[in-house]
Amino acid sequence: MGAPFDLGFVFSFLPKLLTTLSTTLLIVACSLLAGILVGFIIALPRLYKVPVLKTLAEVYISFFRGTPILIQLFLFYYGLPEVLKLVHVDMTRTPVLVFVILTYGLHTGAFMSEMIRAAVTAVDKGQVEAAYATGMTSYQAFTRIVLPQALGIAIPVFSNLVIALLKDTSLAFTLGVMEMTGKAQTLGSVTQHFIETYIALALIYLVISLCIEKLLLVAERRLLQHEAQGSPVKRRFSLQKKSSYRRIIAELDSGKGGGTI
Amino acid sequence: MKLDPSFIWTAFLQILGAIPTTLYITVVSVSAGFIIGIVVALIRIYKVPVLHPLAAGYVTFIRGTPMLTHLLLIYFGLPVIIDGLAAQFGWSFRSVSIPMIGFAYISFSITAGAYMSEVVRSGLLAVDRGQIEAAHSIGMSTPQALRRIVFPQALAASLPNLSNSVIGMLHGSTLAFTVSVVDINAKAQIVASTNWKFFEAYLAAALIFWGLTFLIERATALIEKRINLYNRGGVA
C-alpha cells in the first residue's frame with residue numbers, strides 16, 4: 001500500500017494543505033453565522049411558548065439532532081433541487097459550496113437554538129423581575145441584564161459547537177468540495193503517501209481547534225469578569241452561578257462533543 | 001427526474017437490511033470506547049506518573065481532529081505497522097486478513113474512548129469526595145468503595161452524556177462507507193445510485209436514523225428513571 005513512510009512528506013504536505021484552509025474556514029464562518037441566525041429564530045418560539053411554532057421548532061431540532069450530518073448533506077444536495085423544481089426554481093447551476101453551507105448552517109442552527117434556550121432560561125427569573133421593578137422596559141431588561149449573563153453561560157457550549165463544526169467540515173469532500181480533507185485525499189492518491197498526508201491533515205485540524213478553544217477561553221474570561229471574586233457576598237453569588245453552568249455544560253457539552261464526527 | 005414518494009418505502013425496506021451493520025459498529029465502538037474511557041479517566045484522575053500526560057495527549061488529539069481522519073489514519077497506517085512487525089518477527093499474520101469492518105471497529109473505538117473518558121471523568125468527579133471517605137471510614141477498601149459507592153452514583157450522573165455519546169457514535173458510524181463497509185448510509189448510496197432516486201433513498205435513511213436515535217433516547221429515559229431510584233427524596 002503506497003510508498004514507504006517518510007516523515008519529510010508530512011512537512012512538505014503541510015503548506016499544500018494550508019492553501020485549502022480558506023475553504024474550510026469559509027464554510028465554518030458562513031455556517032456559523034447562518035447557524036446563529038437560525039438558532040435564534042428557532043429558540044424564540046420555544047422561549048415564548050408560541051403554540052404551533054413551538055412544536056415545529058421541536059420537530060426541527062429533533063430531526064437535525066437525530067440524523068447524521070452526512071445523511072443531511074446528501075439529503076439537501078440531492079433533495080433541495082428536486083423540491084425547488086416543483087416551484088420552478090432551477091438550482092442546477094448553484095455551486096456545491098452553497099448546499100454545504102446551507103446544510104451545516106441548518107445543522108448547527110438546531111444545536112445553537114438549544115444553547116440559546118438553555119442559556120436564557122439559566123438566567124434567574126428574579127433578575128428580570130428586579131429589572132422591571134427598577135423601571136426598565138422588557139427590551140432594556142433583555143439587553144442589559146439577561147443577555148450579558150446568558151452570553152457568559154453560553155460561551156463554553158458555543159466553543160464546543162464551533163470546534164464540532166470545524167471537524168464536521170471534513171465531510172464536505174463527499175460532495176466534491178475541495179476543502180482540506182478533499183485536498184488531502186487528492187494529495188494522497190497522487191503521491192501514494194496516504195499516512196503522511198493524513199498526519200499533516202490531523203495536525204492542522206488539531207492546531208486550529210486548539211486556537212479556537214484558547215480564543216474563546218479568553219472571550220469567556222472577559223464576559224465573566226463581572227462575576228469577580230472578592231467580597232463574600234459576590235462570592236456566594238458566583239458559586240450559585242457555577243452550579244447552573246455545570247448543569248448546562250453537562251446537558252449540552254457532549255450533546256455535540258459526545259463522539260461527534 | 002420526478003419525486004417518487006412510493007419509492008421512499010421501497011428504499012426504506014431495502015435499507016433496513018443494513019441496520020445490523022450500523023448497530024454492530026455502534027455497539028462495538030461504544031463498549032470498547034467505554035473500557036478505554038474508564039482506564040484513561042482513572043489514569044487522569046489518579047495522575048499516574050508517565051501515563052498521565054500520555055492520556056491527556058490522546059484525549060486532546062482525538063477531540064481536536066475529525067473522526068474521519070482517525071479512520072483514514074488507521075486504515076492506511078495500521079497495515080503498514082502490522083506488516084512491518086510481521087516481516088520483522090516472521091509472523092504469518094498479514095494486514096490483508098483484517099476485514100474492512102475491523103478498521104471501522106478499531107478506529108471508532110479509539111475515537112469513542114477519548115470522548116468516553118471525558119464522560120467518565122466528569123461523572124466520577126461529580127461524586128462527592130466525602131462519600132469515598134465515608135466508605136473508607138466504615139472499613140471498605142478503595143476498590144470496594146469505587147465499585148459499591150462511587151461507580152453507581154457516577155453512572156447516574158453521566159447517563160445523559162453517555163446517551164449522547166452513543167447517539168454520536170451511531171451518527172459517526174456513517175463514515176464507515178469510506179472504507180467500503182455497507183452500513184445504512186452506504187446502503188442508501190447503493191439504493192440511490194442504482195435506481196437514480198437520491199432524495200427518496202436518503203430520506204428513508206434519515207428516517208431510520210431518526211427512529212434509532214429516538215429509541216436510544218427513550219431507552220435512556222427509562223434507565224435513568226431506574227438508576228435514579230435511590231435519589232428520590234422524601235419517605236418511602
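The values are calculated or read from the model by the stated rules, or taken from the named source; none is laboratory data. This one's a predicted model, so the numbers in the text were calculated from it and none came from an experiment. Glycine also receives a Cβ, built like all others from the backbone with ideal geometry; neighbour counts cover every protein chain displayed. In case anyone asks, the SASA skips ligands and DNA or RNA and just uses the protein heavy atoms, side chains included. Shrake-Rupley method; radii C 1.70, N 1.55, O 1.52, S 1.80 Å.
Key figures
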{"quantity": "Residue pairs meeting the criteria (Cβ under 6 Å; at least 6 apart or on separate chains; first more than 12 Å from chain B (Cβ to nearest Cβ) and on the phi < 0 side of the Ramachandran plot, in the stretch A:50-65; second in a helix (DSSP H, G or I) and not hydrophobic (A, V, I, L, M, F, W, C))", "calculated": "A:LEU53/A:PRO45; A:LYS54/A:PRO45; A:LYS54/A:ARG46; A:ALA57/A:PRO45; A:ALA57/A:ARG46"}
{"quantity": "Condition broken by B:ALA154, with the remaining ones in (1) surrounded by 19 or more Cβ atoms within 10 Å (Cβ to Cβ); (2) out of contact with any Leu (no Cβ under 6 Å at 6 or more places or on another chain) satisfied", "calculated": "(2)"}
{"quantity": "Some residue of the stretch B:119-128 being open to solvent by 20 Å² or more (accessible area, probe 1.4 Å), in a helix (DSSP H, G or I), without any contact (Cβ under 8 Å) to a residue 60 or more places away in the chain and farther than 25 Å from A:PHE173 by Cα", "calculated": "yes"}
{"quantity": "The listed residue being under 26 Å from A:ILE61 (Cα atoms), of a type in the set (A, V, I, L, M) and out of contact with any helix residue (DSSP H, G or I) (no Cβ under 7 Å at 6 or more places or on another chain), out of A:LEU147, A:LEU165", "calculated": "A:LEU147"}
{"quantity": "Test for A:LEU102: is it modelled with pLDDT of 85 or more, within 14 Å of chain B (Cβ to nearest Cβ) and open to solvent by 30 Å² or more (accessible area, probe 1.4 Å)", "calculated": "no"}
{"quantity": "Residue in the stretch A:105-119 that is under 25 Å from B:ALA186 (Cβ atoms), within 18 Å of the chain's Cα centre (by Cα), open to solvent by less than 20 Å² (accessible area, probe 1.4 Å) and free of Cβ contacts under 8 Å to residues at least 60 places away in the same chain present", "calculated": "no"}
{"quantity": "Where a residue in the stretch B:91-116 is outside any helix (DSSP H, G or I) and its partner, wherever it lies, is open to solvent by less than 60 Å² (accessible area, probe 1.4 Å) and small (Gly, Ala, Ser), with Cβ under 7 Å and at least six apart", "calculated": "B:PHE93/B:ALA86; B:ARG94/B:ALA86"}
{"quantity": "Within the stretch B:195-208, considering residues that are facing chain A (nearest Cβ under 8 Å), farther than 14 Å from B:GLY17 by Cα and among the aliphatic types (A, V, I, L, M), the one nearest to the chain's Cα centre (by Cα)", "calculated": "B:ALA206"}
{"quantity": "Every residue from the stretch B:49-65 that is closer than 11 Å to B:SER117 by Cα and of a type in the set (Gly, Ala, Ser)", "calculated": "B:ALA55, B:ALA56"}
{"quantity": "Qualifying residues in the stretch A:175-187 (those that are in a helix (DSSP H, G or I) and surrounded by fewer than 21 Cβ atoms within 10 Å (Cβ to Cβ)) - the one nearest to the other protein chains (Cβ to nearest Cβ)", "calculated": "A:GLN185"}
{"quantity": "Among (1) away from chain B (no Cβ under 14 Å); (2) over 17 Å from A:GLN72 (Cβ atoms) - the single one A:THR108 does not satisfy", "calculated": "(2)"}
{"quantity": "Close pairs from the stretch B:146-158: first within 14 Å of chain A (Cβ to nearest Cβ), partner modelled with pLDDT under 85 and not in a helix (DSSP H, G or I), Cβ under 8 Å, at least 6 apart", "calculated": "B:ALA156/B:ASN228"}
{"quantity": "Evaluation of B:ALA192 against (1) of a type outside the set (Lys, Arg); (2) under 20 Å from the mean Cα position of the chain (by Cα); (3) facing chain A (nearest Cβ under 8 Å); (4) within 14 Å of A:LEU75 (Cβ to Cβ) (one fails), failing number", "calculated": "(2)"}
{"quantity": "Close pairs from the stretch A:136-164: first over 15 Å from A:GLU114 (Cβ atoms) and free of Cβ contacts under 8 Å to residues at least 12 places away in the same chain, partner open to solvent by 40 Å² or more (accessible area, probe 1.4 Å) and of a type in the set (D, E, K, R), Cβ under 9 Å, at least 6 apart", "calculated": "A:MET136/A:ARG144"}
{"quantity": "Within the stretch B:83-97, considering residues that are open to solvent by 30 Å² or more (accessible area, probe 1.4 Å) and aliphatic (A, V, I, L, M), the one farthest from A:ALA164 (Cα to Cα)", "calculated": "B:ALA87"}
{"quantity": "Filtered residue count, the stretch B:179-192, keeping only those that are over 10 Å from B:ALA11 (Cα atoms), open to solvent by 40 Å² or more (accessible area, probe 1.4 Å) and either touching a residue at least 40 places away in the same chain (Cβ under 8 Å) or in a loop (DSSP other than H, G, I, E, B) (or both)", "calculated": "2"}
{"quantity": "Residues of the stretch B:12-70 classified as among the basic types (Lys, Arg), over 20 Å from A:LEU70 (Cβ atoms) and surrounded by 15 or more Cβ atoms within 10 Å (Cβ to Cβ), total", "calculated": "1"}
